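Remarks on the structure that follows.
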Amino acid sequence: MPAYKTVKINPALPNRPRASVLVIYTGGTLGMVFEKGNLVPFDFEQILDKLPEIKRLDFEITFTSLEEIMDSSNMRPEVWAEIANLIQRNYAFYDSFVILHGTDTMAYTASALSFMLQNLHKPVILTGAQLPIGVARTDARENIITALEIAAAQTDGQPLVPEVCIYFQNYLLRGNRAKKKESSQFNAFRSENYPALAEVGVTIEYNRPYIASYRTDAPFGVQAQLDANVAILKLFPGMTQNVVRSVLSISGLRGVVLETFGAGNAPTLPWFLHELKEATERGIIILNVSQCDGGRVMQGRYQTSSWFDKIGVVSGGDITTEAAITKMMWILGQETDHNLIRQRLSQPLAGEMSL
């Protein structure tokens, strides 16, 4: 087990802190500062120098970093498992968790954690920044401070947001509903098919009807086993049979997220149907998601998708591609029965899709 370096800050002293938050730094743009003209990872022992606003908070904050600090482009399932297990080991000692993460794959990590953290009843808030904390115009300070405040927010001793979320540039989003939409603007994330859980201005306005209910009727646990033998196949006009066949013929492949047009439509070419039918008969699970950011797959509404049901393609409804691929990895890591896998893919497990 890695030895995690930690830095604890209690701005509330000598008063008793009203809550405790564990901050997990994984890497990414947010945690970079200039040193001798170069950007280098931030030392959290100097957090009060970079974020003096923390002194005004009234809860305890502990900072820790993964052993391997990485650009989020290098994020992978074993790191998701490390984060989930780190939360599990500390679950009894903290009221909530904030994960500092690079923006490029943040929606994938948030989605994966939403499935891995079973019966979660504490906040897990991911945030990051478009500019490093060491830059004058950085968005890192507001994102970190607000993510901490949301993580520590309680009513009658219960957390306000007991689920995995992304906070970024004034909006709190359900983690497995979010997508990165901007690389050059500060408002990097959107949630087209589910309302924001909170909007931040002078005050933090929580959209309570859409936040997961606080429940403790089942014990918290982690199911971190994932099967990464999956692929994403995005359709485009002119796609050839060789391309489709090469993806569906990958050795060891167990599942494919098929990004279709519009409301779940695809070519009606005989060879295309043949390749998908053969794949499902070999036991490959195919999940149909839309290339559109908004809306949903309505499998069978149009003739071009009516035959998907006949060959066992699963409708993904309004799920995002990020949530679809991580959900598939997670279910395949738990199940081997094809019918049960299809059934679980078609049902919401962590608020990631609407029925």
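Each reported figure results from applying straightforward, stated rules to the coordinates on display, with no laboratory input. This structure is a prediction, so every number in the text was calculated from the model and none was measured. Cβ: placed from backbone, ideal geometry, glycine included. Neighbour counts: every protein chain shown.
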Response to the item:
Helix-only [θ] at 222 nm, the chain, -39500 (n - 2.57) per DSSP H run of 4+, per residue, nearest 500, equals -7500 deg cm²/dmol
Worksheet item: How do the peptides 96-107, 256-267, 172-183 rank, highest first, by the average count of neighbouring beta carbon atoms within 10 Å per residue?
Response: 96-107, 172-183, 256-267
Practice prompt. Please name which of T268, Y194, V256 has its Cα lying farthest along the dipole of segment 180-310 towards the positive end, using unit charges on Cβ (Lys, Arg +1; Asp, Glu -1) and the Cα centre as origin.
Written response: T268
Practice prompt. Report, for the chain, the % of DSSP beta bridges that are antiparallel, rounded to 5.
Written response: 45
Worksheet item: Using the Cα gyration tensor of segment 1-134, with a ≥ b ≥ c the square roots of its eigenvalues, what is the shape: rounded (a/c below 1.5), prolate (a/b larger than b/c) or oblate (neither)?
Response: oblate
Worksheet, complete the sentence: Relative contact order as a percentage, segment 90-205, C-alpha pairs under 8 Å and 6+ apart, gives 25
Discussion item. Within 14 Å, Cβ to Cβ, of N170, how many net charges do the neighbouring residues add up to if Lys/Arg are +1 and Asp/Glu are -1?
Written reply: -4
Worksheet entry | Inter-site label distance for M239 and H338 at 7 Å from Cα along Cβ, in nm | 2.1
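Going by the alpha-carbon gyration tensor, a ≥ b ≥ c the square roots of its eigenvalues, is segment 107-216 rounded (a/c under 1.5) or, if a/c is not under 1.5, prolate (a/b greater than b/c) versus oblate?
prolate
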Worksheet item: Which residues in segment 161-197 have a backbone N closer than 17 Å to a point placed 7 Å from the Cα of A12 along the Cα-to-Cβ line?
Response: 161
Worksheet entry | Spatially proximal lysines relative to K179 (Cα-Cα < 29 Å; intrachain offsets below 8 disregarded) | K50, K122, K234, K327
Worksheet entry | Inter-probe distance in nm under a simple model that places probes 7 Å from Cα toward Cβ, at R215 and R141 | 4.1
Discussion item. Cut-off is 10 Å between beta-carbons; in what order do S184, S305, S73 appear when sorted fewest neighbours first?
Written reply: S184, S73, S305
Worksheet entry | By average C-beta atoms within 10 angstrom, highest first, the peptides 6-18, 324-336, 55-67 | 324-336, 55-67, 6-18
Discussion item. Using the basic label-point model (7 angstrom from Cα toward the beta carbon), what is the T155 to I204 distance in nanometres?
Written reply: 1.3
Practice prompt. Give the relative contact order (percent, whole number) for segment 230-345; include only Cα pairs under 8 Å separated by 6+ residues.
Written response: 26
Discussion item. Quick check: the angle from helix 106-116's long axis to the longest principal axis of the chain, C-alpha only, nearest 10 degrees?
Written reply: 80
Worksheet item: Among the aspartates and glutamates, which fall within straight-line cross-link reach of K181, defined as a Cα-Cα distance under 14 Å, with same-chain neighbours fewer than 8 residues apart omitted?
Response: D104, E192, D293, E322
Worksheet, complete the sentence: Longest principal axis of the chain (C-alpha) makes with the long axis of helix 77-90 (C-alpha) an angle, in degrees to the nearest 10, of 40
Practice prompt. Give the calculated FRET efficiency between K55 and E192 to the nearest 0.05, with a Förster radius of 45 Å applied to their Cβ-Cβ distance.
Written response: 0.75
Discussion item. Net charge within 15 Å of A350 by Cβ-Cβ distance, Lys/Arg positive one each and Asp/Glu negative one each, not counting A350 itself?
Written reply: +2
Practice prompt. Excluding V200 itself, calculate the net charge of residues whose Cβ lies under 14 Å from the Cβ of V200, where each Lys or Arg counts +1 and each Asp or Glu counts -1.
Written response: -4
